[in-house]
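Peer 1: The structure's right below; bear with me while I get my questions together.
The values are calculated or read from the model by the stated rules, or taken from the named source; none is laboratory data. Values in this document were obtained by computation on a predicted structure and should not be read as measured data. Here Cβ is always computed from backbone atoms with ideal geometry, including for glycine, and neighbour counts include all displayed protein chains. Only protein heavy atoms, including side chains, enter the accessible area calculation; ligands, DNA and RNA are left aside. Shrake-Rupley method; radii C 1.70, N 1.55, O 1.52, S 1.80 Å.
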Amino acid sequence: MTPELAIEKREQMLRDGFCVVEDVLTDEFLQELHDESERLIASHTEPAEMVYQGQHVNVHAADNMYIKRLLEWQPSRDALEQLGFGDFAASGGIIILTKEAGGPPLYWHQDWMRWNDPLSCTPWPQTIFLNYYLSDTSRDNGCLKVIPGTHLKRIDLHNQLVPAHEQGARFIEEDHPIMFCNHPDQVDICAKAGSLVMADARLLHAAHNNLTDTRRTLILAWHSRPNTIPEYWDKEIPEIIANRDENGSYPGSRIPGELLQP
Ligand SMILES: O=C(O)CCC(=O)C(=O)O
Ligand SMILES: [Fe+2]
């Protein structure tokens, strides 16, 4: 990646809340991750309520050499470094998520869990997911879709959503008119296998259903950075961030409240 391209990707992360870095995994490592994820899925029983996320297998790097290698993968670390995101650290584990053959879509949601914390207002990302899709993704096999800019700005959908995952959305009907809607501002992210798809945890995202007869597998790795001003940041620091008390008490919440404004 040229320095110019890296800046472009960072700007896209800040403005839109996501970006894609191509050709990060080698074909050989991709095949190993594919084989390993199939092996792990084979000995896993998918709970019924996980159907929208598909198989949901948590794996710790300390228990699995392939996952350890993935979280330390130099081309990914280099890409983060080039974007100015070198201070993001992996959580120590990953989640294998799938769209099973013929599987349903994933509902609209965002994954930030600290909506009572002024940190919700950083104009830069604090928590991101790194997604490695193990096959090429498209509308047909259930690619990711996002609504650009929603990590910083409230839209109509925020006020109508059932909170994600265990907080409610796992238990909705498959024809829920809002949670599975097509939004006029949505963008499909068709990714090549081996690309790195990254997004801000606050971004509204979902995934299409899988119309094919082949499982679409994703390895998702959460990364977070320290609660500091990033080195690349040369613009104004919002007052709410400058005045934030690092020792304040901010009860966790997945529901965007008044810290997310239209
Ligand atoms: O399946 C995908 O592409 C995204 C998964 C996701 O965002 C989630 O499970 O929170
Ligand atoms: Fe998500």
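Peer 1: Scan segment 124-139 for residues that are under 17 Å from LEU83 (Cβ atoms), within 16 Å of ligand 1 (Cβ to nearest atom) and in a loop (DSSP other than H, G, I, E, B) and jot them down. Spell out the reasoning first.
Peer 2: First, pick out the residues of segment 124-139 that are under 17 Å from LEU83 (Cβ atoms): 124-132.
Checking which are within 16 Å of ligand 1 (Cβ to nearest atom) leaves us with 125, 127-132.
The one that is under 17 Å from LEU83 (Cβ atoms), within 16 Å of ligand 1 (Cβ to nearest atom) and in a loop (DSSP other than H, G, I, E, B): PRO125.
Peer 1: Quick one: count up the residues across segment 137-165 that are under 12 Å from GLN261 (Cα atoms) and free of Cβ contacts under 8 Å to residues at least 24 places away in the same chain.
Peer 2: 2
Peer 1: Any chance segment 107-124 includes a residue that's within 16 Å of ligand 2 (Cβ to nearest atom) and over 15 Å from the mean Cα position of the chain (by Cα)? So that I can check it myself, show each step before the final result.
Peer 2: Start the filter on segment 107-124 by keeping residues that are within 16 Å of ligand 2 (Cβ to nearest atom), which leaves 107-115.
Subsequent filtering for residues that are over 15 Å from the mean Cα position of the chain (by Cα) retains 114-115.
Yes, segment 107-124 contains at least one residue that is within 16 Å of ligand 2 (Cβ to nearest atom) and over 15 Å from the mean Cα position of the chain (by Cα).
Peer 1: Considering each residue of segment 211-257, count those that are open to solvent by 80 Å² or more (accessible area, probe 1.4 Å) and assigned to a helix (DSSP H, G or I), and give that number.
Peer 2: Residues in segment 211-257 being open to solvent by 80 Å² or more (accessible area, probe 1.4 Å) and assigned to a helix (DSSP H, G or I): 1 in total.
Peer 1: Another question about this same structure. Has segment 194-211 got at least one residue that is more than 15 Å from ligand 2 (Cβ to nearest atom) and among the charged types (D, E, K, R)?
Peer 2: We begin by selecting, within segment 194-211, every residue more than 15 Å from ligand 2 (Cβ to nearest atom); these are 194-196, 209-211.
Among the residues that remain, those that are also among the charged types (D, E, K, R) are: none.
No, because not a single residue in segment 194-211 is more than 15 Å from ligand 2 (Cβ to nearest atom) and among the charged types (D, E, K, R).
Peer 1: Of all residues being more than 17 Å from ILE189 (Cα to Cα) and touching an Asp or Glu at 6+ places or on another chain (Cβ under 6 Å) in segment 199-225, which is farthest from ligand 1 (Cβ to nearest atom)? Just the residue, please.
Peer 2: It comes out as ARG225.
Peer 1: Still on this structure: Report yes if ASP23 is more than 16 Å from ligand 1 (Cβ to nearest atom), surrounded by fewer than 16 Cβ atoms within 10 Å (Cβ to Cβ) and assigned to a loop (DSSP other than H, G, I, E, B), otherwise no. Before the answer, list the steps.
Peer 2: Working: more than 16 Å from ligand 1 (Cβ to nearest atom): yes; surrounded by fewer than 16 Cβ atoms within 10 Å (Cβ to Cβ): yes; assigned to a loop (DSSP other than H, G, I, E, B): yes.
So ASP23 fits the description; yes.
Peer 1: Name the residues in segment 112-123 that are buried (at least 18 other Cβ atoms within 10 Å of the Cβ), not in a helix (DSSP H, G or I) and not hydroxyl-bearing (Ser, Thr, Tyr), would you?
Peer 2: Within segment 112-123, the first condition is being buried (at least 18 other Cβ atoms within 10 Å of the Cβ), and the residues that meet it are 112, 114-115, 117-120, 122.
Narrowing further to those that are not in a helix (DSSP H, G or I): 112, 114-115, 117, 122.
Selection gives TRP112, ARG114, TRP115, ASP117.
Peer 1: For ASN141, indicate whether it is buried (at least 22 other Cβ atoms within 10 Å of the Cβ), within 19 Å of LEU220 (Cβ to Cβ) and away from ligand 2 (no atom under 16 Å from the Cβ). So that I can check it myself, show each step before the final result.
Peer 2: Working: buried (at least 22 other Cβ atoms within 10 Å of the Cβ): yes; within 19 Å of LEU220 (Cβ to Cβ): yes; away from ligand 2 (no atom under 16 Å from the Cβ): yes.
So ASN141 fits the description; yes.
Peer 1: Please count how many residues of segment 145-174 are open to solvent by less than 10 Å² (accessible area, probe 1.4 Å) and among the hydrophobic types (A, V, I, L, M, F, W, C).
Peer 2: 5
Peer 1: Assess whether ASP111 counts as being over 18 Å from LEU259 (Cα atoms) and acidic (Asp, Glu).
Peer 2: Working: over 18 Å from LEU259 (Cα atoms): no; acidic (Asp, Glu): yes.
No; evaluated as a whole, the condition is false for this residue.
Peer 1: Which of the residues spanning segment 140-167 are within 16 Å of ligand 1 (Cβ to nearest atom), under 28 Å from LEU83 (Cα atoms) and of a type in the set (D, E, K, R)?
Peer 2: Matches in segment 140-167: LYS145 only.
Peer 1: Still on this structure, I have one more. Does ALA193 satisfy the condition of being within 14 Å of ligand 1 (Cβ to nearest atom) and either over 28 Å from GLN126 (Cβ atoms) or outside any strand (DSSP E or B) (or both)?
Peer 2: On the way: within 14 Å of ligand 1 (Cβ to nearest atom): yes; either over 28 Å from GLN126 (Cβ atoms) or outside any strand (DSSP E or B) (or both): yes.
So ALA193 passes the test.
Peer 1: While we're here: Would you please name the residue that is least open to solvent (accessible area, probe 1.4 Å), looking only at residues in segment 41-51 that are out of contact with any helix residue (DSSP H, G or I) (no Cβ under 6 Å at 6 or more places or on another chain) and assigned to a helix (DSSP H, G or I)? Show your work before the answer.
Peer 2: Initial filter on segment 41-51 (out of contact with any helix residue (DSSP H, G or I) (no Cβ under 6 Å at 6 or more places or on another chain)): 41-48, 50-51.
With assigned to a helix (DSSP H, G or I) added as a condition, the list becomes 41-42, 48, 50.
Working: ILE41: 9, ALA42: 87, ALA48: 89, MET50: 26 Å².
Taking the candidates together, the pick is ILE41.
Peer 1: Further question on the same structure: Go through GLY86, GLY54 for me and flag whichever is in contact (Cβ under 8 Å) with a residue 12 or more places away in the chain and in contact with a Lys or Arg (Cβ under 9 Å, 6 or more places away or on another chain). Give the derivation first.
Peer 2: Values: GLY86 fails: in contact (Cβ under 8 Å) with a residue 12 or more places away in the chain.
Answer to the selection: GLY54.
Peer 1: OK, next. Do any residues in segment 205-218 that are under 7 Å from GLY102 (Cα atoms) and β-branched (Val, Ile, Thr) have Cβ atoms under 9 Å from those of residues that are part of a strand (DSSP E or B) and open to solvent by 10 Å² or more (accessible area, probe 1.4 Å), where the two are at least six apart or on different chains, and which pairs are they?
Peer 2: Short answer, once both residue conditions are applied: THR212/ASN141.
Peer 1: Sticking with this one: Of everything in segment 52-73 that's modelled with pLDDT under 95 and either surrounded by fewer than 14 Cβ atoms within 10 Å (Cβ to Cβ) or in a loop (DSSP other than H, G, I, E, B) (or both), which residue is nearest to the chain's Cα centre (by Cα)?
Peer 2: GLN53
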